[in-house]
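Novice: Please see the structure below; I have some questions.
The values are calculated or read from the model by the stated rules, or taken from the named source; none is laboratory data. Owing to the predicted nature of the structure, the values given are computational and were not obtained by experimental measurement. Backbone-built Cβ (ideal geometry, glycine too); neighbour counts: all protein chains shown.
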Amino acid sequence: MIRVSRVAGILMMSLMMVGCGKKVTRISSDSTTDLSGRWNDTDSRLVAEEMLRDCLNSAWYYTYQAQKKTPTVIVGSVKNKSHEHIDAETFTKDMERALTNSGKVEFVASKGEREELRDEKADQATNASVETRKQAGEESGAELMLIGSINSIVDKEGSKSVVFYQINMELVQIESGRKLWIGDKKIKKYISKNAVTF
Amino acid sequence: MASHPRSGAALAGAAFLSLLLAGCANRGLTRFDSISKQASTQDYAAAARFLAKERATLYGSQSTLLYYMDVGLLYHYGAAYDSSIVYLTRAVNLQDELYARSVTNEAASLLVNDNVRPYRGRSYEIVWLHLFLAFDYLALDRTDDARIEMRQAEIFLNEVKRKAGSDGKAYRDDPTFRAFSALVYEALGERDDAAIAIYAAVKSLRQRKQPVPPGMAAYAWRLLDAEDRPDDIRELDLQPPSTKPARTPGTGELVVVGELGRSPALGETSFWGTWVRDGVMVYSYKDASGKVVSQALPAPGLPASAYQGRGSTRSGTTLHIKWAMPSLREVPSRSQGMQVNVEGAGTVAGETWGDTRALLAQDLDEGRTALLTRTVIRVAARTLAAEKAKSEMQTSNPIVNLLLSLGTDALADQLEQADVRMWFLLPRALSVARVSVPAGAASVQWGAQGDDGRIVRSETRETPVKAGKTRFVFFNSIK
């Protein structure tokens, strides 16, 4: 009798210990994962790729192509007007990656990055050898700028909510201020939570 | 002495449990005393460290939300805005996760008390949680992030309003939050959203039949007029302000927010009464401040049959009942108003835009029926269980009966505790002063005033102001 209860006790303890461990599994960075229903890396990546695809297949690009010119683009600010703290840098970096990898446009460094490069050139002017020194005033100026905003609408009732994201992007000619392309991407998520647990 | 066969074991069990429960003081009350003492030193970083050290004792596992809120707010008061954001954001995330209710916890709360349920925050506290997160972002000049907090609070308020339905007494909107969100939207150049927010602020005050602060009314008129909304101006009965704000080129705006005084807290009001059969009847009442009133009366005797035969008697046994409810506990505040002096812009008096006392009183009022129902169910279940236990332990000796009954009653009393958890570290009032200042570094002299107009705390700070921009700056006098 004592032996049976001891075995049962050990089994129970083992079961309890199983639940205490932390398990980490590596998954592909391309996989789609949704845990909280909030904006996540998958949204950022998919929106950036789809919008850039749409952008580079639009009329303005063929005009450049016909003139045998490669447009030089810079990613400007993406304003977060949603209800979530979204890391805009992740999104703009996804945009930059999609632009660069397309091979269809030339891409220049962002404002912050350019400032860092200028600091480096200023440092080289003093410390680097004449042969290897990089000159100031030789940067490629961007012709086009991508700017945009992330907006959201939330409809919530009890444990259920629908979140609608709309990402608006515009490609603007820096010199003239003309808008060459306007695109948007919409994401709708239905989120339901458990109202009761044990 | 012919004792009941189970009485010895039961007595030992009751004594053991009493010892176990002796340490179960109401954490909510202990927390108020400890934290108030720490916070009164105005060394908020030390107070936050104290909470981290004493977390298990002061909060336990069911008040994690409150812990994050308290620590976050202490960091905010100490101007450690980055740290405050970390803790207040944890609180926001946890509050979202606490949506699901545990059947086990809910059932346990009906047998033990409401403190066994995780603290989910009062509705106005959740709105102010977002408000203080927005304040942190504004202090760091991250107005875009402050807007996100305003939007999250709006979503929360929409849900609160939906749940309130047609209940006129319920907390449905928060004029303080709305007025501040108008300032945030305006600072971002989103005047349409600002107009909607200030409309909601004034409408909410009108619906509650509360006075609209003159500065807020003037601000509402200007925003609504600029957005061409004459119908709203008429509906809210707003008059054109006598003075126009002087925003000249080369100037920016300083919005000075003063966090003043101490929020009222919750105390425990309890009643307990004992009828010692064949002895006395004692009843006591303790109010929220801890004052106890007791009275003892001789109790009628038992019929002769109660002493005869069956090897046991009801003589010496007790009928005991206790219930405890939270009630508003006033906390005196020395800081009643504020004044701001900016070099080159003169002195401006602050205007109160929010009062946590009114919010807490409304919250208690709104939840009273539900709380009373839960308390009645809990007290009835516990009294019946205690009576059953006493009847099982009954002996033929009235003295032993009395000791066993008192032990059981003491045990039951330990369980009856009011849920007095709340975010009492909030200030009593939020005061606002708007000053137009020349662009550059503004030297802001701030003073919190007492009832008699005397300065109870002052501080001077340099704040950068850009032309055409709004800069928010926060001061506090939590005393």
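For (1) closer than 19 Å to A:Lys186 by Cβ; (2) more than 14 Å from chain B (Cβ to nearest Cβ); (3) in contact with a strand residue (DSSP E or B) (Cβ under 7 Å, 6 or more places away or on another chain), each residue gets a yes or a no:
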residue	(1), (2), (3)
A:Glu49	yes, yes, no
A:Ser58	yes, yes, yes
A:Tyr64	no, yes, no
A:Gln67	no, yes, no
A:Pro71	no, yes, yes
A:Gly76	no, yes, yes
A:Ala88	yes, no, yes
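Novice: Only one of these conditions is not met by A:Gly158: (1) touching a residue at least 12 places away in the same chain (Cβ under 8 Å); (2) within 11 Å of chain B (Cβ to nearest Cβ); (3) on the phi < 0 side of the Ramachandran plot. Which number is it?
Specialist: (3)
Novice: Scanning for something within 14 Å of chain A (Cβ to nearest Cβ) and more than 20 Å from the chain's Cα centre (by Cα), does the range B:168-182 turn up at least one residue? Full working, then the answer.
Specialist: Filtering the range B:168-182 for residues within 14 Å of chain A (Cβ to nearest Cβ) gives B:181.
Checking which are more than 20 Å from the chain's Cα centre (by Cα) leaves us with B:181.
Yes, because at least one residue in the range B:168-182 is within 14 Å of chain A (Cβ to nearest Cβ) and more than 20 Å from the chain's Cα centre (by Cα).
Novice: Counting only residues that are under 20 Å from B:Pro332 (Cβ atoms) and either at pLDDT below 90 or among the β-branched types (Val, Ile, Thr) (or both), which one in the range B:453-478 is surrounded by the most Cβ atoms within 10 Å (Cβ to Cβ)? Break it down stepwise before answering.
Specialist: Quick first cut of the range B:453-478, residues under 20 Å from B:Pro332 (Cβ atoms) only: B:453-457, B:476-478.
When the remaining residues are screened for being either at pLDDT below 90 or among the β-branched types (Val, Ile, Thr) (or both), the result is B:453, B:455-456, B:478.
Details: B:Gly453: 9, B:Ile455: 14, B:Val456: 20, B:Ile478: 25.
Step by step, filter the range B:453-478, then rank; the result is B:Ile478.
Novice: Next up: In the range B:154-186, what residues are of a type in the set (Gly, Ala, Ser) and either touching an Asp or Glu at 6+ places or on another chain (Cβ under 9 Å) or surrounded by fewer than 21 Cβ atoms within 10 Å (Cβ to Cβ) (or both)? Talk me through it step by step, then tell me what you get.
Specialist: Step one: filter the range B:154-186 for residues of a type in the set (Gly, Ala, Ser), giving B:164-166, B:168, B:170, B:179, B:181-182.
Selection gives B:Ala164, B:Gly165, B:Ser166, B:Gly168, B:Ala170, B:Ser181, B:Ala182.
Novice: Here's something else I'd like to know. Between a residue in the range B:267-295 that is touching a residue at least 60 places away in the same chain (Cβ under 8 Å) and outside any strand (DSSP E or B) and any residue that is surrounded by 14 or more Cβ atoms within 10 Å (Cβ to Cβ) and among the hydroxyl-bearing types (Ser, Thr, Tyr), which pairs come within a Cβ distance under 8 Å, given they are 6 or more apart or on different chains?
Specialist: If the second residue must be surrounded by 14 or more Cβ atoms within 10 Å (Cβ to Cβ) and among the hydroxyl-bearing types (Ser, Thr, Tyr), the pairs left are B:Asp278/B:Ser315.
Novice: Just wondering, is there one or more residues in the range B:337-348 that are in contact (Cβ under 8 Å) with a residue 60 or more places away in the chain, under 15 Å from B:Pro264 (Cβ atoms) and not in a helix (DSSP H, G or I)?
Specialist: No; the residues of the range B:337-348 include none that is in contact (Cβ under 8 Å) with a residue 60 or more places away in the chain, under 15 Å from B:Pro264 (Cβ atoms) and not in a helix (DSSP H, G or I).
Novice: Six or more apart or on different chains, Cβ under 7 Å: which pairs go from a residue in the range B:382-410 that's within 11 Å of B:Arg314 (Cβ to Cβ) to one that's basic (Lys, Arg)? Could you list them?
Specialist: Short answer, once both residue conditions are applied: B:Gln394/B:Arg314; B:Ser405/B:Lys390.
Novice: For the range B:422-441, what are the residues that are at negative phi and without any contact (Cβ under 8 Å) to a residue 60 or more places away in the chain?
Specialist: B:Ala441
Novice: Out of the residues in the range B:98-153 that are within 11 Å of chain A (Cβ to nearest Cβ) and in contact with an Asp or Glu (Cβ under 7 Å, 6 or more places away or on another chain), which is surrounded by the most Cβ atoms within 10 Å (Cβ to Cβ)?
Specialist: Looking at the filtered set, the residue picked out is B:Leu133.
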